[in-house]
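J.: Below are the structure tokens for one structure; questions will follow.
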Amino acid sequence: MRHAVIVADTRGPADVHGVHGTQGLTRWACLARRAGLAGGWEAVEWASIPPGGVSGEHLHTRTEECYVLLTGRGEITLDGRSRPVGAGDVVLTGLGTTHGLRNAGTEALDWLVIEMPAVPLPRPRTPIKRHAVVTNLRRVGPIDPGVVLTGPLRHLELVRLRPGERVELSADATEHTVFVTAGSGRAAAGDVRVPLDPGRSVTLPLGTSAAFTAGNDGLEYVHAVLTVPPSERPGELR
């Protein structure tokens, strides 16, 4: 395995005004994008809106999205129907689903966005599937986003490591993104050492590996796994 990782964090995010046609401020940071990765990622992003803020309703015609709510309390609108969401909730929005998010609490509403191209549905007569699911990682544990999404995101979980506990991840036929939500620790990939604290992400491109070790206060992180089809792996027959 080679030792190369993509490290990013939410310090110094961009200020974006009028996201999806609404007024107001959204704080935004890109954590990883398709460049440098073999899988079908569009992007992994972090976003935050203040109390009363809105990420406007919009329709994706090419990509699917997964929202992981990190802090705060909000209201997600899916195809015109609204429901409350909070930290730990996951919103899976399939191709053709209209969705928007409003901060309904008294603190910032932060969430992780995983966006990827959808697999085109058969044509010409099969309509676009309009579906979405809201679940909670803290309550139900690991999920397979494939129950809704057609793209390559096939595993999502909230991992908690005890102080000193160590986990190794290898990106053989997969790629991984880890986003730290609480605690501290370190990631090691070959001679690369990355300190871990809330708001930092580590993405493992195809062919890499890394070990994650919790610090004295433990470590909690969101872990997303994207499958990489053989046709996208270097050296495979196309």
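J.: Mind putting a number on the dipole of the chain about its Cα centre? Charges go on the C-beta only, +1 for Lys and Arg and -1 for Asp and Glu, and I need it in Debye to the nearest 20. The partial results should precede the final answer.
T.: On the way: 25 positive and 25 negative charges, 85 e Å.
Here the size comes out at about 420 debye.
J.: How large is the helix-only mean residue ellipticity at 222 nm for the chain, computed as the sum of -39500 (n - 2.57) over DSSP H runs with n ≥ 4, divided by its residue count, in deg cm²/dmol to the nearest 500?
T.: Numbers: 1 runs with 4 residues, N = 238.
Taken over the chain, the calculation gives 0 deg cm²/dmol.
J.: Heavy atoms only, probe 1.4 Å: what % of the accessible area of region 74-208 goes to carbon and sulfur, would you let me know?
T.: Details: 3060 of 6150 Å².
In region 74-208, the share of accessible area belonging to carbon and sulfur is 50 percent.
J.: Heavy atoms only, 1.4 Å probe, whole protein assembly: order ASP217, ASP9 by accessible area, highest first.
T.: The ranking, largest first, comes out as ASP217, ASP9.
J.: While we're on this one: How much area per residue is accessible in the chain when the probe is 1.4 Å and only protein heavy atoms are counted (Å²)?
T.: Values: 11180 Å² over 238 residues.
So the chain comes to 47 Å² accessible per residue, rounded to a whole number.
J.: For GLY24, list long-range residues whose amide hydrogen, built 1.01 Å from N in the peptide plane, is under 5 Å from its own amide hydrogen.
T.: Under 5 Å from the amide H of GLY24 lie the amide H atoms of GLY18, each far enough along the sequence or on another chain.
J.: Would you rank TRP28, TRP46 by solvent-accessible area, highest first, keeping every protein chain in place and using a 1.4 Å probe?
T.: On the way: TRP28 85, TRP46 20 Å².
Result of the area sort, largest leading: TRP28, TRP46.
J.: Using only the heavy atoms of the protein chains and a 1.4 Å probe, how would HIS155, HIS58 rank by accessible area, largest first? All intermediate terms of the calculation are to be shown ahead of the outcome.
T.: Values: HIS155 55, HIS58 25 Å².
Largest accessible area first, the list is HIS155, HIS58.
J.: Quick check on region 1-103: what does the Kirkwood estimate of hydrodynamic radius come out to from the alpha carbon pairs, in Å? List each step's numbers first, then the result.
T.: On the way: mean 1/r = 0.0670 Å⁻¹.
With all distinct Cα pairs of region 1-103 included, I get 14.9 Å.
The values are calculated or read from the model by the stated rules, or taken from the named source; none is laboratory data. In this text the structure is predicted, and so the values were computed from the model without any measurement. Virtual Cβ from ideal backbone geometry, glycine too; neighbours counted across all protein chains shown. Calculation scope for accessible area: heavy atoms of the full protein, side chains included, ligands and nucleic acids excluded. Shrake-Rupley method; radii C 1.70, N 1.55, O 1.52, S 1.80 Å.
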